[in-house]
Each structure stands twice: as C-alpha cells, then as structure tokens.
1. Would you be so kind as to identify which of A:Val166, A:Ala188, A:Phe69 lies farthest towards the positive end of the dipole of the range A:60-188, taking Lys and Arg as +1 and Asp and Glu as -1 on Cβ and the Cα centre as origin?
2. Which value, in debye to the nearest 20, describes the size of the charge dipole of the protein assembly as shown about its Cα centre when Lys and Arg Cβ atoms bear +1, Asp and Glu Cβ atoms bear -1, and nothing else is charged?
3. Given C-alpha coordinates of the range B:310-428, what is the ratio Rg to Rh with the Kirkwood estimate of Rh?
4. Within the protein assembly as shown, what percent of beta bridges assigned by DSSP are antiparallel, to the nearest 5?
5. Obtain the radius of gyration and the Kirkwood radius of chain B from its C-alpha atoms and give Rg over Rh.
6. To the nearest 0.05, how large is the calculated FRET efficiency for A:Glu212 and A:Lys51 if R₀ is 35 Å and r is the Cβ-Cβ distance?
7. Taking the range B:489-530 as the region of interest, what is the percent of Cα-Cα pairs per 5 angstrom bin, listed from the shortest bin to the one with the maximum distance?
8. Where does the charge balance sit around B:Leu293 when Lys and Arg score +1, Asp and Glu -1, over other residues with C-beta under 9 Å from its C-beta?
Amino acid sequence: MSSDQNQPFVTDDSKVQTKTRDARMTGTGTDNRFNSKLREAFGSSPFILTKFDNFMNWVRGSSMFMLQFGIACCSIEMMHTYSVKHDLDRFHAGVPRASPRQADVIIVPGTIVSKFAPRMKRVYDQMPEPKFVIGMGSCTISGGPFQEGYNVIKGAEEVIPVDIHVPGCPPRPEALVYGVAKLQQRIAEGESSPVTVKPYELEQFGDLEQDELIDKLAEEVDTDDLVMRYNWADSP
Amino acid sequence: MSLEKPQDEQSNAVVAKPTTGEELAELLGDLAIGRDDHMNAPGFVIRPTDVQETLFRLRDDAGFDHLSNVTAEEREDRYETIYHLTSYDDRTREVSVVVPTTKDDPRSQSANPVFRTADWHEREAYDLIGIEYDDHPDLRRILLPDTWQGHPLSKDFDQRRPQVVTLKEWANPLADDHRDSEGETMYINIGPHHPATHGVLHVRTVLDGEQVADVDPDIGYLHRCEEQMCQTKTYRHQIMPYPDRWDYGSAGLLNEWAYARAAEDLNDIDVPEYAQIIRTMGAELCRIASHMLAVGTFALDVYGDFTAIFMYAMRDREIIQNILEDLTGQRMMFNYFRLGGVVWDLPEPREEFFEKIRDFLDDLPGTLEEYHDLISGNEILQLRTIDTGVLPPEVAKSYGATGPVARASGIDYDLRRDDPYGYYDELDWDVITDDGCDNYSRLLCRMREVEESAKIISQCVDLLEDWPEEERTIQSNVPRTLRPEDDTEIYRAVEGAKGELGIYIRADGTDKPGRFKIRSPCFSNLQTLPEISNGEYLPDMIASLGSLDIILGEVDR
Ligand code: SF4
C-alpha cells in the first residue's frame with residue numbers, strides 16, 4: 001500500500017484534482033458515484049470535504065465485498081484466488097457475496113455472449129453505488145479466443161464500465177490479486193472509470209429505431225419489454 | 001412409455017447381434033436407400049420419414065441402445081442429420097444413420113420417441129442449422145435467444161447482421177393448469193446468476209409448496225461458438241487450444257485427447273508409446289482435479305460448506321495444478337497435446353518431477369479418508385443425498401447419460417476400457433460402478449474414481465521412470481499441413497471427466513474441418529435433471545444439479 005493511504009487525513013491536492021474528480025465535486029459530470037450523504041452533512045468547505053472523501057475512499061478500497069459471479073473458465077481461477085494459498089482475503093477483498101445488492105465489486109470472469117449480456121447488465125444495475133468492475137481474462141477485453149464468434153460480445157466494456165482489466169487466458173491468481181490491488185489503489189485515489197453510454201444498453205423495445213428486424217420481431221416482443229440490440233457490424 | 005417393452009426384449013436378445021455393414025444392411029432391408037460409411041462405422045442413408053422405424057429396429061433388434069450423438073449439417077445440395085448409434089454393452093459396435101433432407105424444406109422425423117436424448121440434440125440442430133423435426137414435442141431454440149434471426153451454422157448466415165435479445169419475465173408454464181383454487185404453483189428462476197448453478201445455467205422451476213412440479217434447464221448463456229471456431233481453424237495446431245475451454249474444470253488434457261484421437265484417426269497418425277504414457281498420466285491428473293472440483297462444489301451446494309471441504313478440495317487441486325504446470329507450462333489451458341504426440345518431454349530434473357507426483361499420490365489416501373470423514377460419512381449429507389435424485393438405469397440410457405452419472409446408476413460403461421485408447425489397456429485399474437442411482441452414489445463414484453486414477457498415474461510414473469533414454473520419442477512425424485481426403489467422416493470419443501466426449505469431423509479436402517461437432521457429456525447428463533428432480537424437494541433439486549457435475553462451457557459449447 002502506498003504511504004499516503006496510511007495517512008488518510010493528509011491530502012495532496014495535486015494528485016486528486018483530476019478532471020473526473022472536478023466533475024464530481026461540482027456535480028456537473030455524469031459520475032456522482034462518490035457523493036455520500038456524509039459529505040452533504042459536512043457542508044461545503046472544500047478543505048474538509050476533500051479530506052473526508054479521501055478517508056472514505058481509503059475505507060472503500062480496504063474493505064471490498066466481491067460479488068460471487070462465475071461465468072466461464074476464468075471463474076475457476078477466480079475460485080482459486082479466493083481459496084487457500086492465494087487467499088484474496090489477505091488483501092481486504094475476500095468476502096464473496098451471492099447477492100449483487102450486497103457487493104461493491106464485480107469481477108467479470110469470462111466470455112459474455114448475446115444471451116447473457118442483458119442479464120449481466122441487470123446484475124450490475126442491482127449493485128449499490130459506488131461500484132467497481134474488474135474484467136478478468138482476455139474474453140472481457142475483446143472476446144478473447146472467441147472474438148470471431150457469431151454470438152460473442154467483443155469485451156465487457158461494450159456493456160458495463162470496467163475499471164481494471166486483468167489480461168490472461170486465464171490470468172493466474174497472482175495476476176488477479178495484482179489487479180485487485182491496483183483497483184484498491186485507484187479507489188483510494190478517488191478514480192473510477194466514467195459511467196458513459198455503452199454500445200449495448202438495455203432499452204425498451206418500442207424505443208428502438210424501426211427497421212426490418214424490428215418489424216419482424218414486433219409480434220413476439222411487447223413495446224415495453226427491455227431489449228438489447230447488437231449491431232455486430234459496428235463491433236470492433 | 002414406449003421404452004419399457006423393448007428393454008425387456010433386449011435383455012434376452014440373441015447373442016450374436018448384427019454388427020458388420022452387411023448384417024446391418026440385411027436387418028434394415030428396404031429402409032436403407034444407400035450407404036455412406038464413416039471411418040468409424042458403417043453408415044446407412046434413409047428417408048426422412050423412416051427415422052423412427054429405423055432407429056427402433058436398430059435399437060430393439062440389434063442392441064444399439066445408445067444414441068451417442070446427433071450431428072446436423074448443411075451440405076452443398078442438401079441438409080443432413082446423422083445419428084451416431086452405439087451400444088452400452090459393447091462400445092466398439094457403431095453405426096451411423098444418415099438422414100438427408102432437401103434444401104427448400106429441411107424436415108425430417110424426430111427420433112425423440114426412440115431415444116429421449118434426441119430432444120435436446122434436435123433442438124440444437126434446429127437452432128444452429130435450421131432443420132425441422134416432425135413430431136418433436138417442443139422444437140424451439142436451445143442455445144441462442146428466442147428472438148435470434150437465422151441459423152448461424154447454415155451456409156447463408158450473415159454474422160454481421162444485427163440481433164435483438166430480450167430481458168423478459170418468464171411465465172409460469174403450469175399457470176393454466178391450476179384446475180382448482182388449491183392447486184397453486186409458484187414460479188421461480190434459478191440462475192443464470194446463482195451460486196448453485198455452477199456457472200450461467202438458468203433453471204426455470206415451478207414449485208408446488210416446497211416440491212418441484214416442473215423444471216426446465218435453460219441453457220445457452222455461455223454458447224461461445226466453439227464449433228464455429230474449430231471449423232475456421234486448421235487441423236495441425238490451431239484447433240488444439242480450444243478443447244481446453246470446453247470442460248474448463250481443469251479437464252483440459254482429457255478434452256484435448258478427444259480432438260487428438262479423432263484427428264489422428266482421421267489422418268492416420270501414430271502416436272509413440274512413450275507419448276501415450278505421458279498423455280495417460282496427464283489425463284488422469286486432470287480427472288482427479290476435475291472430480292475434486294465436483295466433490296468440493298457438491299459439498300458447497302448441499303451444506304454450504306465454504307470453509308472446510310471446498311477449501312480442502314481447492315488445496316488438493318492446487319497441488320495438481322502445480323504438477324500440471326510443471327508438465328505443460330500452464331495451470332489450466334494446457335495446449336499440451338499435439339497431433340502425433342505431446343509438445344515436450346517431462347520437465348528436468350525428472351526425478352524431482354516424479355518425486356512431486358509420488359508425494360501427491362502418497363498423501364492421497366489420507367486426504368480421501370479426510371473427505372470421507374467430512375462428506376460421505378457425515379450423517380447430514382447422507383440424509384440429504386441418499387435416495388434423492390434417483391436416476392434408474394433405463395432412463396439414464398435413454399437420455400444418453402455417460403461417465404460417473406451413468407456408472408452410479410449401475411451402467412458399466414467406460415470408454416477407457418470399452419473402446420481402449422492411449423495406454424489404458426496395458427494398465428491395471430477398475431471401472432467403478434455403483435447401483436444406488438442416487439445423489440450419494442454419484443458422489444461416491446467420483447471419489448472412488450479418484451483412487452483408480454491414482455493407480456493409473458502411479459503405474460505411468462513407474463513406466464516413465466524406467467523408460468530408456470534413447471527411446472523417448474514424444475512426437476511422431478506429422479506433415480506440416482494436414483489435408484484429409486474430401487468427404488471422409490469420423491466420429492470418435494474418449495472418456496472425458498464427465499463422460500463420453502465425442503468429436504465428429506467431416507473433412508472437405510482443405511486444411512480445416514468442413515463440419516466439427518462436439519458431443520458433450522454434460523449436455524446429455526443435464527438433460528436428465530427434470531427426470532431426477534420432478535416431485536422432489538427444492539433443496540434436493542439443487543443437490544441433484546450438483547451431483548450431475550455440469551460445466552456450462554461444455555454444455556453450451
Ligand atoms: S479469457 Fe480464456 S480462460 Fe478466461 S473465460 Fe475467456 S477463454 Fe476462458
């Protein structure tokens with residue numbers, strides 16, 4: 001752990017005043033994942049706010065509840081990371097929660113296919129703020145070995161924002177531990193990947209642009225059903 | 001059920017069953033309108049309307065009681081469904097039934113009344129290729145979402161066209177069936193994100209009180225186009241990494257062997273004896289790792305034991321993964337086999353490597369005893385698992401169940417012995433069976449198989465240690481590019497961690513397969529879930545699911 005995390009009440013402003021952070025402070029940005037009730041309670045003095053935030057971030061990074069979320073091969077290595085020998089618990093991140101509503105961090109361990117992406121998005125949406133995502137394995141970066149498959153989403157980033165990518169197929173447990181440590185560092189420094197509109201979002205069927213495909217499906221799908229539309233031709 | 005009568009007939013059938021092409025041709029008579037022999041078996045072409053009659057005759061009069069696989073493909077001028085039949089009593093007897101259908105109306109009779117396993121296989125064929133089956137009870141998509149457009153493995157599929165997938169609420173399929181006000185059922189979704197489903201399986205469950213009224217496993221949440229991937233890669237090197245990712249519960253080498261065996265037989269490649277022994281040893285190490293995972297997660301399912309047994313299983317897997325890493329260079333995705341052998345010899349210094357394996361094997365009896373104390377000897381677990389999830393042998397056969405699931409139902413069927421490959425027939429080991437048919441037997445079977453695998457490994461280690469240095473050939477001479485002759489077809493299987501893992505390859509004269517079909521044991525085993533859990537309590541359904549030991553990567557491919 002870096003030294004400034006050990007002294008949570010000393011703030012080095014030059015480090016935290018990043019662009020995303022400014023946006024958060026002024027409330028104009030898209031991301032207000034760090035807005036806590038406590039900060040509101042403390043009033044508007046920037047001096048105290050920064051420090052308290054810093055403290056909160058340090059706390060968040062040091063006690064992460066992971067979502068128990070297995071998809072594919074990488075989840076086997078993820079299980080090994082949680083278990084004896086590698087024991088992720090030593091790095092303040094070893095409490096797998098089965099419910100997304102109790103988790104802060106989701107590790108996405110595997111290939112995401114068309115049928116699963118809407119469900120994954122739903123699980124992600126159910127997690128309380130602030131939440132962080134670790135993409136584990138090549139599949140979450142680009143689709144990995146299955147990149148050319150007709151059914152494979154070309155990376156988790158197409159669906160949800162990813163904070164840390166851990167490359168490998170599968171990454172060794174050591175690599176995942178390193179990824180988690182890096183995420184903790186980022187959290188402690190108050191960074192997180194911006195929440196932006198992703199290529200594949202859940203939308204209501206009625207809101208989709210009309211074309212041949214939509215007309216064809218109109219009989220099967222209600223207008224207020226949530227759907228995800230994949231434009232494979234535009235995928236990387 | 002139509003199944004019962006023939007089963008009796010079969011058991012007292014005549015001793016010499018028709019096996020060769022001529023005998024079978026005589027048996028089928030007019031039903032066969034042509035021959036299309038495969039490298040592994042005689043093949044008969046039949047009319048699309050004769051499917052049931054042919055299969056009934058083969059099953060009842062010739063004892064072909066195992067529908068191992070159903071392959072569908074689109075050819076230049078026709079669609080084709082191939083039924084690969086074999087027999088539980090003698091795996092070396094094989095026959096293929098080829099059903100061609102026309103291009104404009106790909107429609108043939110369903111094999112579902114003969115073999116219940118055909119249900120899912122034909123749904124898959126419909127989903128990916130687009131062949132329709134008359135009389136099929138429930139012909140809908142299985143791997144792809146319901147709203148998918150087109151059939152991805154057919155020739156005119158455009159991969160770039162957009163698709164829409166819904167996130168919908170599932171309806172209770174039995175809701176209309178509530179005849180009186182008492183009969184209330186409740187519908188719940190288990191999965192696709194659920195700790196007990198071993199991955200991304202979705203089980204649509206209807207409960208009547210605490211009892212399961214109906215379950216429907218909904219798969220396809222991990223359909224990664226494995227077959228398409230293999231069809232677009234070259235035989236020599238590019239396909240081998242993919243099998244590691246089918247059954248990823250550390251069964252990599254077992255899966256690689258399935259591909260290696262099919263491709264080696266297709267191209268007529270020999271494997272040096274020394275390499276066979278290394279393969280056998282590696283494969284059995286994988287089997288232990290994979291059974292340990294099954295046992296650990298089963299305990300986790302049954303009594304939520306994340307701290308003891310699960311961790312013990314992980315600890316032992318960790319040791320095996322270390323050994324395998326020394327051998328192959330990777331912890332899980334080995335890519336160690338090559339057509340004609342293995343990629344490199346055992347690690348130096350050899351003594352140290354052997355020592356490591358021996359240490360593990362020496363500790364294993366003690367470890368297993370510990371497991372038995374904690375799991376199989378535990379009264380709570382026994383209460384939960386004995387006589388739950390019962391799978392009678394006839395039902396298991398009809399669903400094409402194989403591996404520990406079949407062996408725990410008393411079916412003495414193991415490809416390592418029945419259709420020998422590698423070095424297994426030279427070694428001394430036993431096939432484990434148990435006739436309890438329940439969740440407990442499946443657990444016991446796996447734990448005993450670990451002991452057998454350990455026996456095999458220790459014999460391999462002895463052999464390897466004494467092998468003369470100058471005869472350590474790890475690969476035979478294999479051409480750089482392999483182009484098997486056009487239109488040669490082969491179906492070969494090995495005993496994977498979960499059961500019979502088969503590969504069908506049709507060569508089209510190029511260096512890539514024309515059709516590559518994977519017969520996954522988990523796919524067939526999972527199909528028995530409704531059969532073994534309807535009427536049981538919900539927690540027992542979860543235990544049954546755990547005892548089937550499915551890996552979604554292999555179910556969905
Ligand atoms: S990155 Fe590799 S190991 Fe991980 S899920 Fe993808 S294919 Fe499997």
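1. Ranked along the dipole, the leading option is A:Phe69.
2. 3260
3. Value, to two decimals: 1.04.
4. Bridges in the protein assembly as shown that DSSP calls antiparallel: roughly 75 percent.
5. With Rh from the inverse mean 1/r over Cα pairs, Rg/Rh is 0.96.
6. Values: r = 58 Å, r/R0 = 1.64.
Given R0 = 35 Å and the Cβ-Cβ separation, E is 0.05.
7. Spelled out bin by bin, the range B:489-530 gives 6, 23, 22, 18, 14, 10, 5, 2, 1 percent.
8. Summing Lys/Arg as +1 and Asp/Glu as -1 gives 0.
Read-outs throughout are calculated quantities, based only on the coordinates presented, and are distinct from any laboratory measurement. A quick note: this is a predicted structure, and the numbers were derived from the prediction, not measured. Using ideal geometry, Cβ is built from the backbone for each residue, glycine included, and neighbour counts are taken over all protein chains shown.
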